[in-house]
Amino acid sequence: MRWATGNFDLIAELTLNHVRLAIIPIIASFVLSIPLGWLANRSKVTRAIVITGGSLLYTIPSLPLFVILPLIIGTRVLDETNLIVALSIYGVAIMARSASDALSSVAGPTVDAADAIGFSPMSRFLRVELPLAGPVLLAGIRVVSVSTIALVSVGVIIGSANLGYLFQNGKQRGILEEVVVGIVISLLLALIFDLALVAIGRLAMPWNAGSGAGRRLWLRVPAPTPEPADARADTRSPA
Amino acid sequence: MIEFQSVTKRFPDGTVAVDDFSFTLPSRKTTVLVGSSGCGKTTLLRMINRMVEPTSGQILIDGVDVATQDKVKLRRGIGYVLQAAGLLPHRTVLNNVATVPILTGVPKSEARAQALGLLDTVGLDRALADRYPRQLSGGQQQRVGVARALASDPNILLMDEPFGAVDPIVRADLQLELNRLQRDLGKTIVFVTHDIDEAFTLADQVVIFKKGGVIAQSGTPAEILAQPADDFVASFIGADKGGRDLYLQQRPDDRGLTLVVDARGRPVGILDSDSHSDSDSDDDVAAGSALP
């Protein structure tokens with residue numbers, strides 16, 4: 001623990017930076033994937049384009065991406081923006097498919113009922129389909145979150161100051177403790193992000209509590225679902 | 001008044017659901033469209049609020065062609081209840097009921113206050129207002145569905161097999177309740193079912209369909225029971241081979257009571273000689289079928 005206590009400020013700074021670098025791509029990929037998911041469900045052709053396109057994006061190795069991005073978006077080679085954009089691309093690659101699945105998971109009869117009672121196409125999408133796609137969207141963004149936190153470390157090769165620095169520096173100087181600290185904090189960050197996402201899901205989707213979707217692994221809190229009242233408990237039904 | 005004028009619906013796969021259908025549904029009455037699956041009854045219902053567009057022909061509501069109206073506006077002005085209620089699973093009971101008024105711009109607090117009143121109307125405990133649909137029984141969900149359809153105070157209620165998914169006892173309750181509501185509200189109700197007994201229980205006017213949207217017979221329940229138009233109708237309503245006929249029987253041990261039995265000799269009730277009321281009560285056989 002000697003190295004860790006002696007370098008507390010460095011660790012804190014790198015951790016905060018790591019969090020910031022992860023949050024932006026996670027949010028960006030969530031926001032960008034929703035219109036892409038919508039587009040994918042319009043026709044077979046758009047679906048093929050979005051899903052195949054996403055898979056292809058994910059196969060781009062990160063090193064060449066860091067090299068190419070400055071040429072495309074006009075940033076400096078060591079600019080942090082390159083890392084954020086690259087991570088957003090990987091995030092969208094995963095999330096577009098999830099968003100498409102999420103939107104098509106909404107029950108057909110519910111969508112039909114929404115039409116029949118007079119939702120306009122836009123309000124149906126925003127107020128019925130999008131919220132009901134929530135559980136599957138949440139599952140997707142949890143994967144993106146974990147993957148992004150892991151990938152941020154790679155940014156150290158283009159000079160980004162994040163937990164990846166501990167791996168690189170620890171290895172070069174032969175300080176095992178430094179590497180271990182980096183790994184442990186990365187894992188903790190991934191865990192905290194995941195718990196936060198589940199908690200946000202709980203708050204945003206109260207109707208979903210106890211149905212299983214938001215309740216996995218460590219968050220096994222018994223859901224306070226009231227027992228469905230029996231039909232006969234209908235006090236006003238005619239005798 | 002809802003008028004179908006020479007309405008034809010041909011689906012892209014070539015199936016003709018309805019062919020040259022003309023019929024008028026009277027205002028403030030309950031018209032039940034009944035027939036086996038694939039007879040086009042649901043297609044006809046869904047053409048009224050433009051969920052299905054006719055291939056040719058017109059549907060007029062009080063003389064106005066629905067095709068000339070904005071779909072979304074039209075639908076907001078027509079109550080719609082469907083099987084398993086079609087409730088929005090992510091909204092509470094109260095917000096489900098208030099959905100359409102809020103869509104049309106009624107302030108939320110006002111819409112919710114009115115929705116609470118509607119829970120009373122359909123016989124639901126106000127304590128259920130904050131539950132989500134999946135926390136309710138099937139019968140309660142259907143009541144919420146009816147309350148939601150009434151929320152914009154529409155003149156027309158379309159009901160697409162709304163009670164198909166609940167058990168027979170709850171269904172009977174819901175049917176009685178709907179009849180009670182209809183006596184108070186006097187809506188133009190179009191009700192689709194494949195259950196002929198449900199049709200007779202609810203209808204002012206019954207329309208029995210053959211395949212392809214062809215009317216086998218239309219009329220009041222009594223007219224149809226008394227004179228089935230053909231063998232198809234007789235068999236559909238179970239009146240073939242005397243199946244709907246009721247007989248009076250007096251048995252020696254019954255101390256003067258008159259038993260009413262069906263065609264198979266199965267007792268269905270006791271003849272109440274004092275009462276010839278217009279009661280809706282099911283066990284009052286004297287007000288039900290004609291006795292031969």
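Does any residue of region B:38-55 turn out to be under 20 Å from the mean Cα position of the chain (by Cα) and surrounded by fewer than 18 Cβ atoms within 10 Å (Cβ to Cβ)? Yes, region B:38-55 has at least one match. For region A:28-52, the tally of residues that are more than 16 Å from residue A:151 (Cβ to Cβ), touching a residue at least 40 places away in the same chain (Cβ under 8 Å), in a helix (DSSP H, G or I) and not aromatic (Phe, Trp, Tyr) stands at 9.
I'd like the residue in region A:30-64 that is over 16 Å from residue A:133 (Cα atoms) and buried (at least 19 other Cβ atoms within 10 Å of the Cβ) and, out of all such residues, is nearest to the chain's Cα centre (by Cα). Taking the candidates together, the pick is A:54. When each of B:153, B:130 is tested for being surrounded by fewer than 17 Cβ atoms within 10 Å (Cβ to Cβ), in a loop (DSSP other than H, G, I, E, B) and in contact with a Ser or Thr (Cβ under 7 Å, 6 or more places away or on another chain), the lone residue that passes is B:130.
To keep it simple, each residue is scored yes or no on (1) in contact with a Phe, Trp or Tyr (Cβ under 7 Å, 6 or more places away or on another chain); (2) away from chain B (no Cβ under 14 Å); (3) free of Cβ contacts under 8 Å to residues at least 24 places away in the same chain.
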{"site": "A:111", "(1), (2), (3)": "no, no, yes"}
{"site": "A:126", "(1), (2), (3)": "no, no, yes"}
{"site": "A:138", "(1), (2), (3)": "no, no, no"}
{"site": "A:150", "(1), (2), (3)": "no, yes, no"}
{"site": "A:154", "(1), (2), (3)": "no, yes, no"}
{"site": "A:161", "(1), (2), (3)": "no, yes, no"}
{"site": "A:175", "(1), (2), (3)": "yes, yes, no"}
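For region B:68-102, the candidate set comprises residues that are part of a loop (DSSP other than H, G, I, E, B) and farther than 21 Å from residue B:54 by Cα; within that set, the residue that is farthest from the other protein chains (Cβ to nearest Cβ) is B:98.
Listed here are the residues, each with its yes/no results for (1) in a helix (DSSP H, G or I); (2) surrounded by 22 or more Cβ atoms within 10 Å (Cβ to Cβ).
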{"residue": "A:139", "(1), (2)": "yes, no"}
{"residue": "A:148", "(1), (2)": "yes, yes"}
{"residue": "A:151", "(1), (2)": "yes, no"}
{"residue": "A:161", "(1), (2)": "no, no"}
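Selection of region A:40-69 for residues being over 30 Å from residue A:105 (Cβ atoms) and in contact with a helix residue (DSSP H, G or I) (Cβ under 6 Å, 6 or more places away or on another chain) yields A:62, A:65, A:66, A:69.
In this structure, is residue B:140 surrounded by fewer than 22 Cβ atoms within 10 Å (Cβ to Cβ) and within 8 Å of another protein chain (Cβ to nearest Cβ)?
When the stated conditions are applied, residue B:140 does not pass them.
Residue A:98 passes every criterion in (1) free of Cβ contacts under 8 Å to residues at least 60 places away in the same chain; (2) buried (at least 21 other Cβ atoms within 10 Å of the Cβ) apart from (1). Among the residues examined, residue A:78 does not qualify as away from chain B (no Cβ under 11 Å), more than 21 Å from the chain's Cα centre (by Cα), part of a helix (DSSP H, G or I) and of a type outside the set (D, E, K, R). In region B:45-59, the condition of being more than 8 Å from chain A (Cβ to nearest Cβ), touching a strand residue (DSSP E or B) at 6+ places or on another chain (Cβ under 9 Å), among the acidic types (Asp, Glu) and in a loop (DSSP other than H, G, I, E, B) is met by at least one residue.
Read-outs throughout are calculated quantities, based only on the coordinates presented, and are distinct from any laboratory measurement. All values derive from a computational prediction rather than experimental measurement. FYI the Cβ positions are ideal-geometry reconstructions off the backbone, even for glycines, and counts take in every protein chain you see.
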